[in-house]
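Every number here is computed from the coordinates shown, using simple stated rules; none is lab data. Because the structure is a prediction, the values reported are computed rather than measured. Positions of Cβ are generated from backbone atoms using ideal geometry, with glycine treated the same way; all protein chains shown enter the neighbour counts.
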Amino acid sequence: MEMNGINRSTEDVFNHHMDAFLRKDLKDLATDFNEKSIFITSTGEKRIGVDAISDAYSQIFQSLEQGSAFDLKQVNIEDDIVFLEWTLKSPSININDGVDTFVIRDGSIHAQTVRYSMMQEAVAGQPQSSPDSHSIS
C-alpha cells in the first residue's frame, strides 16, 4: 500500500486516518490530506489544504482531555464516501451525536464535514446542555 498514492482504497485511507486520530499523531494524520482537501464544520468554518486542516486537528487534540473515550457508533463506506456517527465522553463533556462525512479519492481525503453538539458535565455528574453547539475545528 502506497502512503500518499492512488493505490490506497477508501477503506485504507479511512482506517489510517482513524488510527492516527486515536493516537493523536498529527504528522501521520496529515498524510491523509492534500493541498486541495477541504474541512467544513457545521458552523460554516472552512479549512483548505494540509496546513490549515492540520491546524484544526491540532486544536482538536489540545481540547481532548486525559481519560477521553471516543466511540465509533456506525461507519458506512460506499465507493469514495465514508459516513460515521460517533460519541465522545470526557471528564468534563459528552458528545452523543457526532457525525463526520469523508470523500476519499485518489488515495487521500478530498473533503471532510464535521458536526456535533457538546454537553458539559454538571457538578452532580449529569449532562447539562451547553448554550452553544460546537463543531470540531
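Close amide H contacts of residue 111 (hydrogens built in the peptide plane, cut-off under 5 Å, sequence separation of 5 or more or a different chain): 38, 103. Placing R0 at 25 angstrom, the Cβ-Cβ distance between residue 66 and residue 113 gives a FRET efficiency of 0.35 after rounding to 0.05. Relative contact order for segment 10-129: what is it in percent, counting Cα pairs under 8 Å that are at least 6 residues apart? Contact order relative to length: 23 percent.
Highest mean first, the peptides 22-30, 92-100 sorted by other C-beta atoms within 10 Å per residue fall in the order 92-100, 22-30. Residue-wise HN-Hα couplings along segment 50-66, as the Karplus relation 6.51 cos²θ - 1.76 cosθ + 1.60 with θ = phi - 60° gives them from phi, are 4, 5, 5, 5, 4, 4, 4, 5, 4, 5, 4, 4, 5, 7, 7, 7, 4 Hz; Gly and Pro carry x.
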